[in-house]
Amino acid sequence: MKRKILMMLITLLVLNFQSIAQGDLLITPTRVVFEGNKQKETLNLVNTGKDTSTYSISFLQYNMKEDGSFVIIEKPDSGQLFADPYLRIFPRQVTLAPGEPQVIMLQCRRKADMLAGEYRSHLYFRAEKNYKPLGAKNPDKEPAQVSVQITPVFGISIPIIIRSGVVKVSTTLSNMKLETQQDTVNYLGLTLNRSGNSSVYGNLTIEYFPVKGKPYEIGKVKGVSVYTNTNKRNILIRLNKTPGLTYKDGKLKIRYTSPDEGKQVVYAEGELDIHQ
């Protein structure tokens, strides 16, 4: 008898933008930090697709690797703290018609025995699908055949952070190196170093200062984070192509700053002299 095996391909995205959309779900904001006396946060969801969809909401735990990628974990590493025991979400499942919005309530419940430092978990929004197995057309003639259907099941995860007690973090830039790939594309490689009991989150900006003339902004990456389970992150940034600029002489200035450009704080900065 012909059988049908349903396989689910789960796509997890951990992105750092003001709003993100994947699988026809728009979420704002995409990063929540509970610090000071903050106890509540509202998340705004919108179904941007053409069909009615159901989304389940749960928590996942991630470790960040040095290349910025993520792996799912079950137990925290040494010094790592999970936030979900102190968080409540409502509702945990929503069904949205096309264009329909929904507000999710997120509540932080601190406890007196919480250690000083940063607690982190990721809120995961998973699109549910309705599966209807189909029978075999000719069960007597196809006893050994198996059909496989691959159905994408999209998910988005956003970091939820609780800061308790005294938290400190410092950052530095190192291993800055200008690279050329495919003969014409320029990249800047660097390491973002973190120390302390808190994560760091901000924007990287690269300016080119020629020997003569005005400086040019040649690269910018927003929403770059380094979480507490690692003390460094290796980053490769593609530089903008500007007519007339060859990056042969001069220097690059790199700044890592707070994401709020109105009240910008410089976390770390460095320079790279270019002599080619």
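In region 27-76, how many are surrounded by fewer than 17 Cβ atoms within 10 Å (Cβ to Cβ), of a type in the set (Ser, Thr, Tyr) and farther than 21 Å from Cys108 by Cα?
Qualifying residue count for the region: 4.
Quickly run through region 233-266 and pick out the residues that are assigned to a loop (DSSP other than H, G, I, E, B) and within 29 Å of Lys65 (Cβ to Cβ).
Leu239, Asn240, Ser258, Pro259, Asp260, Glu261, Gln264, Val265
It is to be established whether one or more residues within region 203-221 are under 16 Å from the mean Cα position of the chain (by Cα), over 19 Å from Lys65 (Cβ atoms) and surrounded by 16 or more Cβ atoms within 10 Å (Cβ to Cβ).
Within region 203-221, one or more residues are under 16 Å from the mean Cα position of the chain (by Cα), over 19 Å from Lys65 (Cβ atoms) and surrounded by 16 or more Cβ atoms within 10 Å (Cβ to Cβ).
Restricting the search to region 22-57, which residues are out of contact with any Lys or Arg (no Cβ under 7 Å at 6 or more places or on another chain), farther than 14 Å from Pro159 by Cβ and in a strand (DSSP E or B)?
Answer for region 22-57, where residues must be out of contact with any Lys or Arg (no Cβ under 7 Å at 6 or more places or on another chain), farther than 14 Å from Pro159 by Cβ and in a strand (DSSP E or B): Gln22, Leu25, Leu26, Thr28, Lys40, Thr42, Asn44, Leu45, Val46, Asn47, Ser53, Thr54.
Select from region 77-97 the residues that are surrounded by fewer than 16 Cβ atoms within 10 Å (Cβ to Cβ), farther than 19 Å from Arg110 by Cα and not charged (D, E, K, R) and list them in ascending order.
Once the filter is applied, which keeps residues that are surrounded by fewer than 16 Cβ atoms within 10 Å (Cβ to Cβ), farther than 19 Å from Arg110 by Cα and not charged (D, E, K, R), region 77-97 yields Ser78, Pro91, Gln93, Thr95, Ala97.
Here's a check for you: in region 73-127, which residue that is free of Cβ contacts under 8 Å to residues at least 24 places away in the same chain and among the aliphatic types (A, V, I, L, M) is farthest from Thr48 (Cα to Cα)?
Checking each candidate, the answer is Ala112.
Somewhere in region 223-236, is a residue modelled with pLDDT of 95 or more and basic (Lys, Arg)?
yes
Being at pLDDT 90 or above and not assigned by TED's automatic domain parsing to the domain that holds Tyr62: is that true of Val185 here?
Answer is no for this residue.
What is the residue count in region 222-252 for residues that are out of contact with any Gly (no Cβ under 8 Å at 6 or more places or on another chain), free of Cβ contacts under 8 Å to residues at least 60 places away in the same chain and either within 19 Å of Gly196 (Cβ to Cβ) or surrounded by fewer than 18 Cβ atoms within 10 Å (Cβ to Cβ) (or both)?
Of the residues in region 222-252, 10 are out of contact with any Gly (no Cβ under 8 Å at 6 or more places or on another chain), free of Cβ contacts under 8 Å to residues at least 60 places away in the same chain and either within 19 Å of Gly196 (Cβ to Cβ) or surrounded by fewer than 18 Cβ atoms within 10 Å (Cβ to Cβ) (or both).
The values are calculated or read from the model by the stated rules, or taken from the named source; none is laboratory data. In this text, all values refer to a predicted model and were calculated from it rather than measured experimentally. As a convention, Cβ positions derive from the backbone with ideal geometry for all residues, glycine included, and neighbour counts pool all protein chains shown.
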